[in-house]
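Okay, structure first, notes after.
The values are calculated or read from the model by the stated rules, or taken from the named source; none is laboratory data. What you see is a predicted model; the values in this text were computed from it and never measured. No Cβ is skipped: glycine too gets one built from the backbone with ideal geometry, and neighbour counts run over all protein chains shown.
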Amino acid sequence: MKPLHFISPGLAILGSAYWLLSQNNTISELSEKTKIIQERLVVVEKAAASAPVVVLGATDPNEADEFTLEDGSLDWDAVAKMIAEIQGPNGIGMPTDIKAMLRLQKKIMELSESELVDGLAAIAALDLDPEVTSQLKQGLLQRLAETDPLAALKGIGNPVSKQDSSLYWTQQSLLTRLAKEDPAAATKWLDQMIADGKVVSSSLELHNDVRLSLESAILGGLISSDINAAKARLKNYEPEKVEYLLDSSDILADKSGTEFNELARELLPPDKASSVITNKWGQTHFEDLSKASESLATAGLTDQEKSKVVEKMAQNYTRSSNTDTKFNDIYEWSRTESPGSEAAVVANALVRGRSSQEKVQENFEKALDLSSTLNDPEIAQQFIAEMTEVNSVENLMSKFENPQLAEQFRTLHDALPKPSTDAQ
């Protein structure tokens with residue numbers, strides 16, 4: 001018997017939750033599906049509570065086994081019917097037999113690597129609805145990737161080139177994971193696909209080019225493990241594509257930023273190199289600003305690059321921190337990391353925060369409060385200047401509930417220095 005693992009109701013609902021949420025959804029669709037899943041979870045919890053404890057490897061001679069053929073293998077037609085029920089109309093369904101779903105989940109969890117591989121082959125041979133096939137594959141691929149991401153990648157079959165397929169994103173995730181665990185295997189797989197003509201550059205739009213997407217998926221692992229191999233691959237592409245590949249690579253700048261910087265500066269013109277470096281470093285998130293300072297100390301950035309990265313890091317910190325003093329913290333931190341730009345950094349963090357366009361009055365009041373508390377009127381001035389770069393004063397004032405504050409906003413805006421219009 002395999003080690004004992006209890007299947008919780010939350011895990012049992014994988015059959016509906018994973019296969020639903022792994023699809024592309026609009027925000028409203030996702031909200032509706034999340035609501036359905038929460039309702040299902042209540043039902044499944046009740047079913048699980050009334051059912052015998054499910055243990056991997058255990059058997060019950062009295063249990064009906066509608067998913068197993070006489071030879072002991074899974075009946076993938078029966079599995080597909082269950083998945084179709086879960087899918088339901090418009091991707092929102094509910095199995096008629098929840099306990100059967102629990103049994104199916106148990107069987108999927110118990111499949112060995114070879115059985116998962118055989119299952120993928122069997123599914124490919126069935127005449128199923130394409131969406132059911134895709135969701136079935138994703139469930140098995142997820143299980144297989146836990147132990148062998150290369151086998152999971154091969155289980156997809158020929159590389160998926162259309163981004164509207166959920167398997168495309170599964171493919172990207174698997175290759176990225178493989179590149180981190182075994183860069184040589186990831187590189188070998190991709191090179192073989194290219195050599196066999198199964199991966200070609202097929203779009204003038206870089207983000208729709210499947211070859212570039214797959215290259216970017218392995219690049220992060222290569223940069224971290226073998227910078228020379230990463231450099232050799234990048235040299236096969238013109239600068240525009242190198243810039244795209246570096247920009248879209250899955251790499252953490254605070255872990256491998258030095259190597260990333262080296263590649264960018266060697267392979268790109270100075271302005272392009274600086275752009276991708278600041279973009280990548282600007283994606284780093286720190287819950288502790290002192291850790292951000294430690295990272296910046298060894299980042300090897302120019303003063304101009306560092307100024308932009310500090311601004312991005314402040315934005316990220318604002319979105320992830322729930323402390324009441326986060327803007328005060330940013331102000332003091334940026335005084336050290338980017339002296340002279342602390343007011344602009346705080347104002348930018350306020351402007352770029354979540355729902356900033358809907359919370360104009362709230363953020364304006366915060367800017368006024370910070371200007372007073374920190375004795376730096378430039379914070380409010382910078383906030384107003386940034387907000388009015390892409391919005392009219394009248395439009396922003398219409399979002400105020402307090403007419404006095406709205407008028408104060410206009411007054412401070414009118415007092416801002418105006419750009420010179422003198423003829424040159």
(message) Looking at the structure I just gave you, is Gln357 under 20 Å from Gln381 (Cα atoms) and either under 25 Å from the mean Cα position of the chain (by Cα) or in the same structural domain as Asp369 (by TED's automatic domain parsing) (or both)?
(response) yes
(request) Could you grab me the full set of residues in region 294-314 that are in contact with a helix residue (DSSP H, G or I) (Cβ under 6 Å, 6 or more places away or on another chain), surrounded by fewer than 20 Cβ atoms within 10 Å (Cβ to Cβ) and more than 17 Å from Val276 (Cβ to Cβ)? (result) Ser295
(request) Please find, among Leu153, Leu128, Leu136, the residue that is assigned to a loop (DSSP other than H, G, I, E, B), aliphatic (A, V, I, L, M) and surrounded by 14 or more Cβ atoms within 10 Å (Cβ to Cβ). (result) Leu128
(message) Please determine whether any residue of region 71-94 is charged (D, E, K, R), at pLDDT 75 or above, more than 29 Å from the chain's Cα centre (by Cα) and in a loop (DSSP other than H, G, I, E, B).
(response) yes
(message) Based on this model, can you work out whether Tyr244 counts as under 27 Å from Ser201 (Cα atoms), in contact (Cβ under 8 Å) with a residue 24 or more places away in the chain, of a type outside the set (A, V, I, L, M) and touching a helix residue (DSSP H, G or I) at 6+ places or on another chain (Cβ under 6 Å)?
(response) yes
(request) Collect the residues in region 311-362 that are under 13 Å from Leu289 (Cα atoms) and among the β-branched types (Val, Ile, Thr), keeping them in residue-number order. (result) Thr318, Thr323, Thr325, Ile330, Thr336
(request) Determine, yes or no, whether Glu215 is within 21 Å of the chain's Cα centre (by Cα) and farther than 24 Å from Gly157 by Cβ. (result) no
(message) Consider region 266-277. How many of its residues are within 17 Å of Asp226 (Cα to Cα) and either touching an Asp or Glu at 6+ places or on another chain (Cβ under 7 Å) or not hydrophobic (A, V, I, L, M, F, W, C) (or both)?
(response) 1
(message) Being in contact with a Phe, Trp or Tyr (Cβ under 7 Å, 6 or more places away or on another chain) and either more than 19 Å from Lys306 (Cβ to Cβ) or touching a residue at least 40 places away in the same chain (Cβ under 8 Å) (or both) narrows it down to one residue among Ile227, Ile223; which is it?
(response) Ile223
(message) Can you tell me which of (1) at pLDDT below 95; (2) hydrophobic (A, V, I, L, M, F, W, C); (3) closer than 20 Å to Ile156 by Cβ is the one Ile227 doesn't meet?
(response) (3)
